[in-house]
1. For the range 116-139, indicate whether the set of residues that are touching an Asp or Glu at 6+ places or on another chain (Cβ under 8 Å), closer than 22 Å to Q25 by Cα, of a type in the set (A, V, I, L, M, F, W, C) and not in a strand (DSSP E or B) is non-empty.
2. Mind checking which residues of the range 75-103 are outside any strand (DSSP E or B) and closer than 14 Å to L43 by Cβ?
3. Could you count how many residues in the range 67-77 are surrounded by 14 or more Cβ atoms within 10 Å (Cβ to Cβ) and either at pLDDT below 95 or on the phi > 0 side of the Ramachandran plot (or both)?
4. Which count do you get for residues in the range 104-115 that are under 14 Å from the mean Cα position of the chain (by Cα), crowded, with 17+ Cβ neighbours inside 10 Å and either of a type in the set (K, R) or not in a strand (DSSP E or B) (or both)?
5. Given the criteria over 16 Å from the mean Cα position of the chain (by Cα) and free of Cβ contacts under 8 Å to residues at least 24 places away in the same chain, does E62 qualify?
6. State all residues of the range 79-102 that are surrounded by 16 or more Cβ atoms within 10 Å (Cβ to Cβ), at pLDDT 95 or above and of a type outside the set (D, E); if no residue qualifies, say none.
7. Hey, could you check the range 24-74 for residues that are of a type in the set (D, E, K, R) and outside any strand (DSSP E or B) and say which is farthest from S125 (Cα to Cα)?
Amino acid sequence: MKYLLLCLLLGWGTVQLTAQQDMLQPVNWAFEAKMVNDTTFDLTFTAAIQKGWYLYAQDLEEGGPIPTTIAFDPAEGLQLIGETKEAGPVIEGMDELFQMNVRKFKNEVVFTQRAVISEKTKVVSGYIEFMTCDDEQCLPPTEIPFAFSFRG
């Protein structure tokens, strides 16, 4: 009986811990297509980061946190121009959790990808993969889908 009670208590604690981790969403994303001209758009991906949490930059060395990646699905008439740019309050230096130098953002970061689209382009879609940590823990890498609609 004691063994059964111990198993139930341990199982409940594991369920509670998993539920708490699932509820943590320290980054909220917003997407916007800003028209530059008739065929050129700046696709912006804005991450609002909760206080105490960090989002890692796109260019990190292997062996550390997962870098933020913006992946685009193939789309007819879509041409990406240059690399995705990032802008926000960056922290650069030794990360205690990974014991390596990293670049990470706090509060907010905006990723911008310039794109040329043709009349055939209806939707530009894909996903953002990212990892967030605070000073004590990291959440598993997360993928967030996005889609921009064009031409009605």
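The values are calculated or read from the model by the stated rules, or taken from the named source; none is laboratory data. Keep in mind it's a predicted model, so treat the numbers as computed, not measured. FYI the Cβ positions are ideal-geometry reconstructions off the backbone, even for glycines, and counts take in every protein chain you see.
1. No, the range 116-139 contains no residue that is touching an Asp or Glu at 6+ places or on another chain (Cβ under 8 Å), closer than 22 Å to Q25 by Cα, of a type in the set (A, V, I, L, M, F, W, C) and not in a strand (DSSP E or B).
2. Across the range 75-103, the qualifying residue is only A75.
3. Within the range 67-77, the subset surrounded by 14 or more Cβ atoms within 10 Å (Cβ to Cβ) is 67-70, 72, 75, 77.
Adding the requirement that they be either at pLDDT below 95 or on the phi > 0 side of the Ramachandran plot (or both) leaves 75, 77.
Residues in the range 67-77 being surrounded by 14 or more Cβ atoms within 10 Å (Cβ to Cβ) and either at pLDDT below 95 or on the phi > 0 side of the Ramachandran plot (or both): 2 in total.
4. 1
5. Details: over 16 Å from the mean Cα position of the chain (by Cα): yes; free of Cβ contacts under 8 Å to residues at least 24 places away in the same chain: yes.
Taking the combined requirement at face value, the residue satisfies it.
6. Within the range 79-102, just T84 meets the criteria.
7. For the range 24-74, the residue satisfying everything is K51.
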